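These notes are about the structure you will find just below.
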Amino acid sequence: MAVKNPKEPKQRILDAAIALFAQKGFAGNGIREIVKEANINIAMIYYYFEGKIGILKAVIEEFFDQYSQFFQNHYSTVSKWHLWYCSQETKI
């Protein structure tokens, strides 16, 4: 009996696409490679993403969401530190 992957199919597709795009680029991979890597039925690609371009859009959105979250967290920390530092009186 085959072991089932605990991740949801949509996330498995994204993970597979990210890995494959990193290895061979967008043009270097087809839907069938993504399907094989994600261990899903090809119909799931079209159900969730409507094709390879849809997967690329989702990958880009996920990247920018993570980047934005990182930047917001980092900027927030820097801003708090900066405000604290600026509020301290320096004696000359």
List every residue pair whose Cβ atoms lie under 7 Å apart, where the two residues are 6 or more positions apart in sequence or sit on different chains, the first residue falls within the range 62-83 and is modelled with pLDDT of 65 or more and in a helix (DSSP H, G or I), and the second residue, located anywhere, is among the aliphatic types (A, V, I, L, M) and surrounded by 10 or more Cβ atoms within 10 Å (Cβ to Cβ). Glu62/Leu14
So which of Ile92, Ile34, Ile53 is on the phi < 0 side of the Ramachandran plot, modelled with pLDDT of 95 or more and loosely packed, with under 12 Cβ neighbours inside 10 Å? Ile53
Residues that are in contact (Cβ under 8 Å) with a residue 40 or more places away in the chain and under 10 Å from Ile13 (Cα atoms): does the range 37-55 have at least one? yes
Just one listed residue, out of Ala43, Ala58, is exposed (fewer than 11 other Cβ atoms within 10 Å of the Cβ), assigned to a helix (DSSP H, G or I) and of a type in the set (A, V, I, L, M), and it is Ala43
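The values are calculated or read from the model by the stated rules, or taken from the named source; none is laboratory data. Note that the coordinates shown come from a computational prediction; the quantities given were computed from them, not determined experimentally. Cβ atoms come from the backbone with ideal geometry, glycine included; neighbour counts cover every protein chain shown.
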